[in-house]
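The next block holds one structure in the form of structure tokens; read it before the comments.
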């Protein structure tokens, strides 16, 4: 997977104008290089991001020099959701690195389909360690093994390459299915949190009031 970048000569300035011209500001950094301002074609970057994510090596061509990088951080506009900046982390291919790999849930659970259960996804990504070239784009989780409410999927059940080491407790639950709630349970669930919050606020307010009164009394007696 390849992407072309250019050195960004003008630091700062009107980055919005740069973005409007179809160019994405970026920074390249890593253990082998100083932080280097750069820029890439916006549309080309989105295509590569979609395919590579943040865990697949990208061959970044900068001034006719190839750099093996990971898309390490992508900043988006909170209002529009558009990408406004990207960080590229240059990696050493002979050194293992740690990365968060997303879990992709696939298949169909009989406990959900036939028993009306609710699928609970407890973990959505997992930290692994591997050489950059062995990092998976994602890790598949087959939920078809969840046939009853007693079935669970643990981290140790994931199928990954022997070149990839999962750094999280293998006994942690990834997914399970809970029985469907009755109408009475749903109504109770809707009501309880609100009442609890009101009660908590009331208690806290009374405690604060008592604390203020005590401090006031201590001040007056001095």
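How big is the range 98-178 on each of its three principal axes, counting only the C-alpha atoms and giving the largest first in Å?
43, 21, 17
Rounded, prolate or oblate: which one fits the range 2-91, using the alpha carbon gyration tensor with axes a ≥ b ≥ c (rounded when a/c is under 1.5, else prolate when a/b beats b/c, else oblate)?
oblate
Please list 166-175, 51-60 highest first by mean number of surrounding beta-carbon atoms within 10 Å per residue.
In descending order of packing, they fall as 51-60, 166-175.
Please compute the length gained on full extension between residue 80 and residue 2, using 0.36 nm multiplied by the number of residues separating them and subtracting their Cα-Cα distance.
Extra length available between residue 80 and residue 2 comes to 25.4 nm.
When the Cα centres of the range 26-103 and the range 129-181 are compared, how far apart do they sit, in Å?
A separation of 26 Å, based on Cα centres.
Can you list the residues of the range 69-100 with backbone N under 13 Å from a point 7 Å past the Cα of residue 44, pointing along Cα to Cβ?
Backbone N within reach: none found.
Values in this text are rule-based calculations from the coordinates and carry no lab data. Quick caveat, the model's predicted, so the values are computed rather than measured. With ideal geometry, Cβ positions are generated from the backbone for all residues, glycine too; neighbour counts draw on all protein chains shown.
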